[in-house]
Each structure stands twice: as structure tokens, then as C-alpha cells.
Amino acid sequence: MRAHRVIQGALLLAAAQLPFIVACARVEGSDGAEAEAESDRGDDTDPGPESSDTTSGGGAEATDPALDLFACNFEPSCEPVTMHAYPSPPEALPCAAKLVIGGGTGVLSSLLTPGPYVDETESLIFVLGDGTALVQTRERHCGREGMECGPTPVWEAPSPHRICDLVVSPDVEAACEEDAEGCGFRPWADVANCRAVEEHSCEDVAALLAAM
């Protein structure tokens with residue numbers, strides 16, 4: 001009799017748990033179906049290569065090189081100066097200083113070449129007569145570790161055009177007025193506060209130099 005009651009109780013407990021088990025199975029089956037449906041919808045809407053093409057197409061475009069003012073072949077107002085261990089020729093520095101201080105326009109050219117390898121920066125400085133100058137530089141390098149080059153390295157693309165301040169101290173001005181030692185403008189060092197400016201053609205630069 002007691003065994004019969006135990007069996008009957010077990011059957012009742014199993015019957016009570018059956019709806020819960022079925023409900024859980026339905027929930028799990030529903031999640032699986034929804035996941036499968038989401039997977040199917042993802043396949044239908046996957047942009048694939050089109051999305052990649054759109055992204056790559058929206059990237060920044062390469063800019064064109066700046067107009068090369070070195071190709072304009074302007075005649076320097078003072079002898080071009082080369083700076084290696086010391087400036088050469090030394091008389092080019094007083095000439096450049098007097099041009100800057102005098103308030104006129106002109107063209108200065110310098111080559112900074114610290115070495116010992118081919119490590120050159122050339123500058124064109126178009127003095128505008130108001131304490132500023134239009135400046136463009138170009139560089140070429142060869143002989144450093146990992147670099148390979150021929151006997152004549154080519155110049156890299158010239159820099160963007162910039163307007164820069166020409167810095168001359170009162171002591172230099174006084175020395176130039178007296179034609180004394182210490183009068184000198186260093187094109188590779190006495191140019192400061194450079195900022196970007198619109199590009200100038202050779203004709204534009206010639207007009208600026210003729211304006212004063």
C-alpha cells in the first residue's frame with residue numbers, strides 16, 4: 001500500500017513538471033529559430049564588397065605637388081649662400097641683411113648641407129619688402145643607412161608655398177648701418193613663423209617683386 005502511494009506521488013510530480021518542460025522546450029526552440037532567421041536576414045542584407053568599395057572610395061584624395069618656383073629661374077639679388085661648416089661666400093650674408101632691412105624686394109637663395117652624406121635643403125626666399133617673404137624649399141638626401149641612390153640624387157617635390165617673417169635683430173641693423181662686422185642675414189635660420197598661403201605662379205611672384 002505504501003509502495004503504491006509512492007508510485008502514485010511520482011506520477012503526479014512528473015505530470016506537474018511536464019508543462020514546464022514543454023514550455024522551456026518551446027522557448028529554446030523559439031530562440032534558435034529567431035537566431036536562424038536573423039542569420040538568414042543577415043545574409044540577405046550583407047553589403048559584402050559594395051560596402052568595402054564605398055569606404056575605399058570615400059578616402060582622402062592625393063594632393064598635387066606644389067607649383068615649382070625653382071623652375072621659374074629667378075635671378076638672385078645676392079650671391080647664393082651655402083651653409084656647411086660655415087657660410088660661403090661670407091659676403092652673401094651682409095648683402096642679404098641689407099636687402100631685408102632696406103625694405104625693398106628681391107630674391108635670396110640658400111643651400112643647407114650639413115653632411116657628411118648628401119643631405120641638402122635648398123630655399124628660395126622672395127623678399128616682399130614688408131618684413132615677410134614668400135618661401136619654398138626642396139630637399140634631397142642620399143647615403144644614409146638603408147638609402148640607395150645614383151651619383152646625382154634627384155630633388156624631392158618642393159614644399160607648399162609659405163609666407164614667413166624675416167627676423168633681423170636691432171644689433172644686426174646697427175651693424176649694417178655702420179657696415180660693421182655682425183651685419184648678416186642667415187636665410188637658413190632667420191626665417192620664422194611660416195604659414196601656408198595660396199600658390200603663386202611665376203607671373204604672380206614677378207608681379208610681387210615689381211610692386212615696390
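No lab work stands behind these numbers, since they all come straight from the coordinates. Remember, it's a predicted structure, so these values are computed and weren't measured experimentally. Because the Cβ atoms are built from the backbone with ideal geometry, glycine has one as well, and the counts that use them run over all protein chains shown.
For segment 68-96 and segment 157-212, write down the distance between their C-alpha centroids in whole Å.
12
Determine, from the Cβ-Cβ distance of Ala207 and Glu181 and an R0 of 41 Å, the FRET efficiency 1/(1 + (r/R0)^6), rounded to the nearest 0.05. Display every interim value, and only then the final one.
Numbers: r = 37 Å, r/R0 = 0.90.
In this case the efficiency is close to 0.65.
If I histogram all Cα-Cα distances within segment 69-210 using bins 5 Å wide from 0, what percent of pairs lands in each bin?
The percentages, shortest bin first, are 2, 10, 19, 21, 20, 13, 9, 5, 2, 0, 0.
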